[in-house]
Amino acid sequence: MNATTPHAPSSVSDEEIARFSALAEQWWNPSGPMRPLHAMNALRIDWASRHLPLRGRTTRRAKILDIGCGAGLASEALAKAGYDVLGLDASANGIAAAREHLATCPLPEHAGPLHYRNGSAEDLVAEGCEFDAVVALEIIEHVTDPAAFMDMLAQLAGPKGTVIVSTMNRTLRSLAVGKIGAEYILRLLPVGTHEWRKFIQPSELGQYARAAGLRMTAIAGMAPGPMGWKETRDLGINYIAAFTKY
């Protein structure tokens, strides 16, 4: 797995890769442009861990693919939870920042192994890679074809594998809060981070999943609160869902 090997990712546009590559050096700053991800990360990982397999087919650690991992915020948390993690991102800058942070702040002894790779989902599908679970957090709203992307997630999950997806619902509230409020008023995110028309309604995500051979097993909303982000039944803005491969 050579990080310098040329690749031609098609699931994420060059524009999106360039936008997040520019943020790579600030990714781990909890007060920087990625602070919403820092704020929600504990909830995302806790929820995902409750729906991920505890181990693989034997007594080994479950192998998890964190696709669109950026600089490794979720990847490190999953490794700390005990999983064998591969963080994949199409941004070379993001992967470089992930590796630098891991070298600077080593994982505790109890953590699972963590590796990073610069590449695309297409690369892994072409190589016939399979994982016990595939995690795609806040990435599907940035891809060029969400239906095809869900199909790739299903291909990368092994038999009866798990897929976890978190994203933003396409509602008037998400336009007001997740786009206009977060980017233009509160400046929680750089302007242009999201395109509201690409937000995905739960019904659409379920449709993409079924077409890919995935069955939804759980879904929950995620909302900020005075004590941090919390799980909620309200799917109106942010939500997270778990799927099992048929």
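The values are calculated or read from the model by the stated rules, or taken from the named source; none is laboratory data. Bear in mind the structure is a predicted one, so any value in this text is a computation, not a measurement. Cβ: placed from backbone, ideal geometry, glycine included. Neighbour counts: every protein chain shown. All accessible areas refer to the heavy atoms of the entire protein, side chains included, with ligands and DNA or RNA removed. Shrake-Rupley method; radii C 1.70, N 1.55, O 1.52, S 1.80 Å.
Sub-8 Å Cβ pairs linking a first residue in segment 24-41 that is within 14 Å of Cys69 (Cβ to Cβ) to a second residue that is among the aromatic types (Phe, Trp, Tyr) and open to solvent by 50 Å² or more (accessible area, probe 1.4 Å), at least 6 apart or interchain, are Met34/Trp28, ordered by first then second residue. All conditions but one from (1) closer than 16 Å to Ala74 by Cα; (2) at pLDDT below 95; (3) open to solvent by 50 Å² or more (accessible area, probe 1.4 Å) apply to Pro6; the one that does not is (1). Residue count for segment 12-69 under the criterion of being hydrophobic (A, V, I, L, M, F, W, C), at pLDDT 90 or above and touching a helix residue (DSSP H, G or I) at 6+ places or on another chain (Cβ under 7 Å): the result is 8. Name every residue in segment 135-170 that is of a type outside the set (D, E, K, R), assigned to a strand (DSSP E or B) and open to solvent by 30 Å² or more (accessible area, probe 1.4 Å), in order of residue number. The one that is of a type outside the set (D, E, K, R), assigned to a strand (DSSP E or B) and open to solvent by 30 Å² or more (accessible area, probe 1.4 Å): Pro159. Would a scan of segment 79-90 turn up a residue that is modelled with pLDDT of 90 or more, in contact with a Leu (Cβ under 9 Å, 6 or more places away or on another chain), part of a helix (DSSP H, G or I) and not hydrophobic (A, V, I, L, M, F, W, C)? Yes: segment 79-90 contains one or more residues that are modelled with pLDDT of 90 or more, in contact with a Leu (Cβ under 9 Å, 6 or more places away or on another chain), part of a helix (DSSP H, G or I) and not hydrophobic (A, V, I, L, M, F, W, C). Residues in segment 108-128 that are in a loop (DSSP other than H, G, I, E, B) and open to solvent by less than 40 Å² (accessible area, probe 1.4 Å): 4 in all. From the list Ala97, Ala42, Ala90, Ala81, the one residue that fits, being buried (at least 17 other Cβ atoms within 10 Å of the Cβ) and under 23 Å from Tyr239 (Cβ atoms), is Ala81. Of all the numbered requirements in (1) open to solvent by 40 Å² or more (accessible area, probe 1.4 Å); (2) over 19 Å from Glu16 (Cβ atoms); (3) acidic (Asp, Glu), Asp132 misses one, and that requirement is (1). Counting only residues that are in contact with a helix residue (DSSP H, G or I) (Cβ under 7 Å, 6 or more places away or on another chain) and free of Cβ contacts under 8 Å to residues at least 40 places away in the same chain, how many does segment 103-113 have? So the count comes out to 3.
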